[in-house]
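Written out below as structure tokens is the structure these notes cover.
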Amino acid sequence: MSILIKGATLPDGTTSDVLVHDGTVAELGAISTKADRTIDADGLRLLPGLVDLHTHLREPGREDAETVLTGSRAAAVGGYTAVLAMANTHPVTDTAEAAERVLDLGRTAGLVDVQPVGAVTKGLAGEELAELGLMARSRAKVRVFSDDGKCVHDPRVMRRALEYVKAFGGVISQHSQDPSLAGPTACCHEGELSGRLGLPGWPGVAEEVIVARDVMLARHTGSRVHVAHVSTAGSVEVVRWAKSQGIDVTAEVTPHHLLLTTDLLTGYDPTYKVNPPLRPDEDVRALREALADGTIDAVATDHAPHARHDKEHAFVDAAFGMLGLETALPVVTTVMVESGLLDWAGVARVMSANPARIAGLDAEHGRPIAVGEPANLTLVDPTTKVVVDRAASVSLSRNNPWHDRKLTGRVVATLLRGTPTVLEGELA
């Protein structure tokens, strides 16, 4: 199948026709070749397909909240061509067989490349290393390992994990949260507001001490550590210092931590309960600046769907998490592009190239738009403003923090190896 994309604006600002044939970019420039399908891209931005380092697909075990198929649909609509599926499923993805099952579910869905993330420890218990080597050697070729949702809090276990994955080029993605500082009932950022609302909070330092510990362990072992969902200015400073020292550390920030603040908790709406929690304005500003200057490498959604019966509770009892796949690019456009903090080349860097590199998917994803490269592409209307409607989501869940917000940017088309998964903003 051949597709001709006419008059698209590339990440560097140049305008070009793009001919896609047999899954690759076949021609660039002024193209007169006829194609099976032509897409008018006048005024639209063409990006490498987006890559998400942090997606919860819930299958197996919680198919009432999301499945690999429905999550893949949400990812495609959001402009993604690859997602990393977190390991906190039921059962946990802590064996080669479990990783291969997730891989196969993604291939059956066929809308995005679903790359399993392996658990660091068996059952996410934080005590005994999972089958890291077997998962790495399996058909799933797991390269990212995380106990996300739980911190690998024992420094000896974290050190062993870092030493182990170094042998095959893996990376540990850490949910940085000291459980002794966070407390078992903490549900929001600790500060004046949490005290006024009577909600148990945890301080930013609960994140920062783990980030600091882990970058030192990465330096000691010569291994790679990735800091998931950075949420505080203090964590930003630790990562910035670590990079200045040549430590092999990368970091991600979520769309919701780039825009939403802890002030939203005044209505006790459990939609805004997330881990790590929403933070004050000063943290949000630091995160935006760090993403712009490269201290933070990537935007990752932490897409965390929940069934209504898990989310619709009193705030302190509700499940942590928010939807993110369908709205990530509009949030980044609204927060980072419209403000001038990022140009579109920067968006391609933090939402495609860097995530693909961190995940070890850069042989096929996050590639420059050039002749001979895989045609994993996302076409975006950069100026259209859309009011988010949670009822319109293709996810099974409705815990959408962006409901009724006006955001800029709309994914028009997504191509996975040259095959449209989304056209005119709808699943193809």
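The values are calculated or read from the model by the stated rules, or taken from the named source; none is laboratory data. Owing to the predicted nature of the structure, the values given are computational and were not obtained by experimental measurement. All Cβ positions, glycine included, derive from the backbone under ideal geometry; neighbour counts span all protein chains shown.
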Query raised in the report: Yes or no: Asp104 free of Cβ contacts under 8 Å to residues at least 40 places away in the same chain, surrounded by fewer than 19 Cβ atoms within 10 Å (Cβ to Cβ) and over 24 Å from Val51 (Cβ atoms)?
Result: no
Report summary line: Those helices (runs of 4 or more DSSP H) completely within the range 161-222 that have 1 or more residues that are touching a residue at least 12 places away in the same chain (Cβ under 8 Å) and more than 30 Å from Leu265 (Cα to Cα) are 205-221
Report task. Sort through Ala363, Ala370 and tell me the only one that's modelled with pLDDT of 95 or more, part of a loop (DSSP other than H, G, I, E, B), closer than 14 Å to Pro11 by Cβ and out of contact with any helix residue (DSSP H, G or I) (no Cβ under 7 Å at 6 or more places or on another chain). Result -> Ala370
Requested in this report: Could you grab the pairs with beta carbons closer than 6 Å, sequence gap of 6+ or different chains, first residue in the range 380-393 and modelled with pLDDT of 95 or more, second one among the aromatic types (Phe, Trp, Tyr)?
Outcome: Val388/Trp402
Report task. Please work out which one of (1) more than 21 Å from Val331 (Cα to Cα); (2) buried (at least 24 other Cβ atoms within 10 Å of the Cβ) is the condition Gly123 fails and give its number. Result -> (2)
Query raised in the report: In the range 216-235, what residues are hydroxyl-bearing (Ser, Thr, Tyr) and farther than 20 Å from Glu163 by Cβ?
Result: Ser231, Thr232, Ser235
Report summary line: Of Ala348, Ala298, the only residue that is assigned by TED's automatic domain parsing to the domain that holds Arg73, in contact with a Pro (Cβ under 8 Å, 6 or more places away or on another chain), surrounded by 21 or more Cβ atoms within 10 Å (Cβ to Cβ) and over 20 Å from Ala228 (Cβ atoms) is Ala348
**Report entry** Flag for Leu377 being out of contact with any His (no Cβ under 8 Å at 6 or more places or on another chain), more than 25 Å from Leu259 (Cα to Cα) and surrounded by 24 or more Cβ atoms within 10 Å (Cβ to Cβ)
**Finding:** yes
Report task. Return the pairs, sorted by first residue and then second, in which the second residue is surrounded by fewer than 17 Cβ atoms within 10 Å (Cβ to Cβ) and in a loop (DSSP other than H, G, I, E, B), the first residue lies in the range 268-285 and is at positive phi, the beta carbons are less than 8 Å apart, and the residues are 6+ apart or on different chains. Result -> Tyr268/Ala314
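Residue-by-condition table, conditions (1) touching a helix residue (DSSP H, G or I) at 6+ places or on another chain (Cβ under 8 Å); (2) polar (S, T, N, Q); (3) modelled with pLDDT of 95 or more; (4) farther than 26 Å from Leu10 by Cβ:
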site: Arg37; (1), (2), (3), (4): no, no, yes, no
site: Gly49; (1), (2), (3), (4): yes, no, yes, no
site: Pro91; (1), (2), (3), (4): yes, no, yes, yes
site: Ala98; (1), (2), (3), (4): no, no, yes, yes
site: Leu105; (1), (2), (3), (4): yes, no, yes, yes
site: Ala109; (1), (2), (3), (4): yes, no, yes, yes
site: Ala119; (1), (2), (3), (4): no, no, yes, yes
site: Glu127; (1), (2), (3), (4): yes, no, yes, yes
Report summary line: Subset of the range 314-343, residues in contact with a helix residue (DSSP H, G or I) (Cβ under 6 Å, 6 or more places away or on another chain) and surrounded by fewer than 24 Cβ atoms within 10 Å (Cβ to Cβ), comes to Phe315, Ala318, Ala319, Val335, Leu341, Leu342
Requested in this report: Could you tell me which numbered condition Val20 fails, if it satisfies all but one of (1) under 26 Å from Thr408 (Cα atoms); (2) in a strand (DSSP E or B); (3) in contact (Cβ under 8 Å) with a residue 24 or more places away in the chain?
Outcome: (1)
